[in-house]
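Scroll down for the structure; my scribbles are underneath it.
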Amino acid sequence: MSKLSLAVDLAGFRLRNPTMNAAGVLGMSPALLKRVYDAGAGAVVTKSIGPVPRTGHPNPTLVQVSCGALNAMGLPNPGVDYFVDKIVKLKEMGVPTVASFFGGSVQEFAEVAYKLTKAGADALELNASCPNVAEELGMLAADAGNVEKVTAAVKAETNLPVFVKLSPNVTNIKSVAKAAEWGGADAITAVNTLLGIAIDVNFRRPVLTNTTGGLSGPAMKPVALRCVWEVSQAVEIPVIGCGGVTTWEDAVEYLLAGASAVEIGTAVMTRGVGVYGEIVEGLERYMAENGFSRVEEVVGLAHEAGRYTESSLDKCNIRV
Ligand code: SIN
């Protein structure tokens, strides 16, 4: 049997293992993102960067809820021109870097992508799905036509792999994923946060100033996993799973559902930065114990299992 390798290739972007942080977690400080890499992640993803500085929503912007967190930051960021130096710094430190970004128009998306490419990012993650900026920037998430247009405009400005991050808050995620693929996306990140709300019973009003926020963490994992399952059936390009990955078993579930890599976010809040190394170790053990030598061998396997039949129920010892 060939030697076990955790390395994966996402449209030419080679990662030492299939884990990354989810955009926004630990912000955009090169020192903090380097900690994520040193802790074992295969690459890091920056917080979403826009064309100009944005302050985002006033506090409170984050609240812990059962089995997860609800956030409505409103895409605060210092703007792409300020951020260029941070990418240079990450690259000097030897950290493979995916730059997450957004714009308020097709043109802005393309301009930011161009600047991030020039700055030396290894790949781009096009944020087509922030749930917290509906009025100004929310034109994308649910509109397949716009997703295709923006993706194509970005691809015209960069030779880097472009991952398009989709929203779970849509009726048919397959059609939005297909549109991104038609626009030239190199991979789909599935998914951003799930729209939710938390109410303070004493103040008798929503906790977040934005009223609604995006739910992340274990509570949303089954939804995100279903999105990965559906998207991987709809497109030919790789899928990056994101949503509630906390343990190595979660990561394996995502691979089995069709993801080629996973992003880990909220788990850092509960388990610390060591969660990356723990998940990578668990994944390696699982592969060794089950006779897999490459991550690709695991990707999508649950689809091949087919639906339960009487004999497969027997094999799993399930009695109906
Ligand atoms: C936010 O800044 O509100 C979160 C970013 C995102 O969910 O895309």
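The values are calculated or read from the model by the stated rules, or taken from the named source; none is laboratory data. Nothing here was measured: the structure is a model prediction, and the numbers come from that model. Backbone-built Cβ (ideal geometry, glycine too); neighbour counts: all protein chains shown. Keep in mind that these areas ignore ligands, DNA and RNA; they rest on the heavy atoms of the full protein, side chains included. Shrake-Rupley method; radii C 1.70, N 1.55, O 1.52, S 1.80 Å.
Residues in segment 273-300 that are of a type in the set (A, V, I, L, M, F, W, C) and either at positive phi or open to solvent by 50 Å² or more (accessible area, probe 1.4 Å) (or both): Ala288 alone.
Each residue in segment 246-272 was checked for being at negative phi and open to solvent by less than 30 Å² (accessible area, probe 1.4 Å), and 17 pass.
Within segment 278-293, the set of residues being touching a strand residue (DSSP E or B) at 6+ places or on another chain (Cβ under 9 Å) and either within 20 Å of Gly244 (Cα to Cα) or charged (D, E, K, R) (or both) comprises Ile279, Val280, Leu283. Taken over segment 6-35, residues that are open to solvent by 30 Å² or more (accessible area, probe 1.4 Å) and of a type in the set (S, T, N, Q) amount to 1.
Report yes if some residue within segment 46-68 is within 20 Å of Lys91 (Cβ to Cβ), away from the ligand (no atom under 13 Å from the Cβ) and either buried (at least 20 other Cβ atoms within 10 Å of the Cβ) or in contact (Cβ under 8 Å) with a residue 60 or more places away in the chain (or both); otherwise report no.
no
Report those helices (runs of 4 or more DSSP H) wholly inside segment 92-157 carrying at least 3 residues which are crowded, with 19+ Cβ neighbours inside 10 Å and away from the ligand (no atom under 14 Å from the Cβ). Before the answer, list the steps.
Values: elements: 106-119, 134-137, 144-155.
Ranges flagged: 106-119, 144-155.
Would you be able to tell me the number of residues in segment 187-240 that are open to solvent by 50 Å² or more (accessible area, probe 1.4 Å), of a type in the set (S, T, N, Q) and away from the ligand (no atom under 15 Å from the Cβ)? Result for segment 187-240: 2.
Evaluated against (1) in contact with a helix residue (DSSP H, G or I) (Cβ under 7 Å, 6 or more places away or on another chain); (2) under 23 Å from Leu194 (Cα atoms), Ile87 falls short on exactly one condition, (2). For segment 69-81, taking the residues that are of a type outside the set (Val, Ile, Thr) and free of Cβ contacts under 8 Å to residues at least 60 places away in the same chain, the one that is nearest to the ligand (Cβ to nearest atom) is identified as Met73.
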